[in-house]
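What follows draws every value from the coordinates through simple rules; no lab data is involved. Here the structure is a predicted model, which is why all the values come from computation and not from measurement. Neighbour counts run over all protein chains shown; Cβ positions are idealised from the backbone, glycine included.
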Amino acid sequence: MIHPTRIKQLNANRVRSGDYVVYWMQASQRALDNHALEYSIRKANEMNKPLVVFFGLTSSFPEANERHYLFMLQGLQEIAETLEERGIPFVLQQVSPERGLIEISKNASLAVTDRGYLRIQRQWRQYAAQHLRCPLLQVESDVVVPIETVSQKEEYTAATIRPKIKKQLNTFLTPLRSESLQRRLSHHSFYSIDLSSLPKIISHLPIDHQVKPSSVFHGGTSHAVLLLDRFIHQKLPYFSELRNDPGKEYCSHMSPYLHFGQISPLTIALQILKTNDPNTEAYLEELIVRRELSMNYVYYNTFYDSFDGLPDWAKTTLAIHKKDRRKYTYSMSDLDLAQTHDQYWNAAQLEMKKTGKMQGYMRMYWGKKILEWVPSPQTAFQIALSLNNKYELDGRDPNGFTGIAWCFGKHDRAWQERPIFGKVRFMNDAGLTRKFTMNEYIEKYPRS
């Protein structure tokens, strides 16, 4: 059963007597536990129509590069194979997604899509809804609890959103039943990109080719499921104790796959709950409460990707201390090249550049140091966001925008006032060495 609050009709059009149903897959890039896909199959079966799944491969997504595109295409390659086994054609076209949907839906009875929270994702769906001749139904599939069901406003902290989410979990933490498509499309004339050679596709895309693919992470739902299984059996029992230790490897590595929609938070949560491990609550706090707080932020705050999106108290205190003397100052180039005096910060930057992901505790420290070393808080914010979006596989994402904003005071409280930071939370290298054996971390990411 797909809860009705997940479903929203984006225009007032009536179902047409077309030849098929279209599922516009964009945010939820998977066949497993995808509410939008399963809803599309159900509607196609009710109407005795075949189903076509469409994906628009745009080369103009903000700040995307070769690293992001290869990871995404690896996932799409797997989707195409999985859908083919289910008798559903997967049409991949290099086109702006909303315009591609309009074209492929000319003979469609109905179009269904998943939900995205970023500005560009919302603009795509709004444009498509206005220009389609058939209905466009949006099915929310990348959060456990639908965002507007949780709250009708921007939440101040995790403490304010947590009880609102928790009272809904029994309703939404339920398995999603998969249906078989009853009528298959016998033939179609839709052009689709051949996914047999991903390097060839990448080489022809007019994107940033300077950031090379990760040598650690491979895209696709099957890889996400393997990593999740490894986490549950090898790391979950130690998660609460060791998750913050930079020298250890006790995180789940789910964030790149969640970013591209290659795994559902529902899949993860249900598998974690099966374990009855005492660390379950700590992990689900991050997966559901913290992650869905970030969705709330980017959905309700117009300025989620800028300094202006911060709370007033943070902007005020940073403005007061803007001219405080800084012992060290670094340019964007210095930071990008990991050329600072701080060996821990350099290791974090190198980890991100080489692997496409940064250890969670170090990402907080990394962002705080940029605030400390760049004279303008506004410039520091933009540098941190730019580097995060450039190298992280889970950058350009509600979690990424929120994580950077947290370093500057978002979803936090005012602390004791100090130079440069004002009342924004402070972190330093002494705290790292006091809590962790940092040599284990810096030895992993030496300068080449």
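Listed values for the range 287-299 are Karplus-derived 3J(HN,Hα) couplings in whole Hz (6.51 cos²θ - 1.76 cosθ + 1.60, θ = phi - 60°), namely 5, 9, 5, 5, 5, 7, 5, 5, 5, 4, 4, 6, 6, and x replaces Gly and Pro.
In terms of overall dimensions, the C-alpha atoms belonging to the range 227-336 reach 52, 35, 26 Å along their principal axes, ordered largest to smallest.
Relative to the longest principal axis of the Cα atoms of the chain, the long axis of helix 343-355 lies at roughly 20 degrees. Using a simple spin-label model with pseudo-atoms 7 Å out from Cα toward Cβ, S180 and I7 lie 2.3 nm apart.
Going down the list K166/K212; K167/K248; K43/K357; K212/K368; K167/K353, which pairs span over 29 Å between their C-alpha atoms? Result: K166/K212; K167/K248; K43/K357; K167/K353 exceed 29 Å. Look at the dipole of the chain built from charges on Cβ: of W345, S196, Q138, the Cα furthest out on the positive end belongs to Q138. When the Cα convex hull of the chain is projected onto planes of every orientation, the mean area is 21.1 nm². Computed from the Cβ-Cβ distance with R0 of 56 Å, the FRET efficiency linking D429 to L270 stands at 0.90.
Could you tell me the center-to-center distance, by alpha carbons, between the range 225-298 and the range 22-99 in angstrom? Cα centroid of the range 225-298 versus Cα centroid of the range 22-99: 25 Å apart. Between the Cα long axis of helix 66-85 and the first principal axis of the chain there is an angle of about 30°, rounded to the nearest 10. Measure nothing fancy, just the Cα-based angle from helix 221-230's long axis to the longest principal axis of the chain, in degrees from 0 to 90, nearest 10. Between helix and principal axis, roughly 50 degrees.
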